[in-house]
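The block underneath contains the structure these notes are about, expressed in structure tokens.
The values are calculated or read from the model by the stated rules, or taken from the named source; none is laboratory data. If you're wondering where the values come from, they're calculated on a predicted model, not measured in any experiment. With ideal geometry, Cβ positions are generated from the backbone for all residues, glycine too; neighbour counts draw on all protein chains shown. The accessibility values were calculated without ligands, DNA or RNA, using every heavy atom of the protein model including side chains. Shrake-Rupley method; radii C 1.70, N 1.55, O 1.52, S 1.80 Å.
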Amino acid sequence: MQTKPVLTLEDIKKIAAGAEHEAVANGWKVVIAICDDGGHPLWLQRLDGAAPVSAHIASAKARTAALGRRESKIYEDMINNGRVSFARAPELDGMLEGGVPIVVDGEVVGAVGVSGVKSAEDAQIAKAGIAALGL
């Protein structure tokens with residue numbers, strides 16, 4: 001039987017704090033979502049002033065990155081490059097940049113999704129959160 005690393009509540013809090021720090025330092029009003037490797041929600045944080053819809057978008061981006069085992073931007077790029085059939089892929093609702101998988105020892109253990117500013121900035125926040133784990 002194989003074993004794999006999993007996110008702890010302490011890990012999730014570190015990720016959330018790192019992402020929040022990046023967003024606040026830049027004056028960005030966003031929602032930060034963290035999920036496990038199966039796309040199940042573990043954390044949702046809406047910073048003051050973030051649009052309510054961003055909670056849905058951030059969660060979808062995180063789930064897409066976790067289930068797909070890759071950044072959500074990859075799906076956005078495929079669709080923008082003409083593979084529009086991917087827009088109907090089952091279970092992948094957040095095919096916009098800003099969802100980033102959390103990889104530990106080569107295993108995807110979850111993902112961070114951010115929504116509220118430009119997509120590249122959403123991804124920047126997500127990556128800052130993951131970096132807070134020292135990965």
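For the range 44-63, the count of residues that are under 20 Å from P5 (Cα atoms), surrounded by 17 or more Cβ atoms within 10 Å (Cβ to Cβ) and touching a strand residue (DSSP E or B) at 6+ places or on another chain (Cβ under 9 Å) is at least one.
Please work out if A19 is crowded, with 20+ Cβ neighbours inside 10 Å and either touching a residue at least 60 places away in the same chain (Cβ under 8 Å) or assigned to a helix (DSSP H, G or I) (or both). Here the answer is yes, as A19 does meet what is asked.
Sub-6 Å Cβ pairs linking a first residue in the range 81-107 that is touching a residue at least 24 places away in the same chain (Cβ under 8 Å) to a second residue that is open to solvent by 30 Å² or more (accessible area, probe 1.4 Å) and acidic (D, E), at least 6 apart or interchain, are M95/E76; L96/E76; E97/E76; V100/E71, ordered by first then second residue. Residues of the range 86-99 include none that is modelled with pLDDT of 95 or more and either under 23 Å from T3 (Cα atoms) or in contact with a Leu (Cβ under 8 Å, 6 or more places away or on another chain) (or both). Every listed requirement among (1) out of contact with any Ser or Thr (no Cβ under 9 Å at 6 or more places or on another chain); (2) open to solvent by less than 80 Å² (accessible area, probe 1.4 Å); (3) not hydrophobic (A, V, I, L, M, F, W, C) is met by K13 save one, (2).
Quick one: is D93 surrounded by fewer than 20 Cβ atoms within 10 Å (Cβ to Cβ) and not aromatic (F, W, Y)? First the steps, then the outcome.
Working: surrounded by fewer than 20 Cβ atoms within 10 Å (Cβ to Cβ): yes; not aromatic (F, W, Y): yes.
So D93 fits the description; yes.
Looking only at the range 64-80, count how many residues are free of Cβ contacts under 8 Å to residues at least 40 places away in the same chain and either open to solvent by less than 60 Å² (accessible area, probe 1.4 Å) or among the small types (G, A, S) (or both). Result for the range 64-80: 5.
When D122, D105 are checked against the criterion of being charged (D, E, K, R) and open to solvent by less than 50 Å² (accessible area, probe 1.4 Å), D122 stands alone in meeting it. Among the residues of the range 29-41, is any buried (at least 21 other Cβ atoms within 10 Å of the Cβ) and assigned to a helix (DSSP H, G or I)? No, there is no match, as no residue in the range 29-41 is buried (at least 21 other Cβ atoms within 10 Å of the Cβ) and assigned to a helix (DSSP H, G or I).
Just to confirm my filter: which helices (runs of 4 or more DSSP H) fall fully inside the range 43-133 and include at least 3 residues that are touching a Cys at 6+ places or on another chain (Cβ under 8 Å) and over 14 Å from E22 (Cα atoms)? Talk me through it step by step, then tell me what you get.
Numbers: elements: 53-68, 73-80, 119-131.
The qualifying helices (runs of 4 or more DSSP H) are 53-68.
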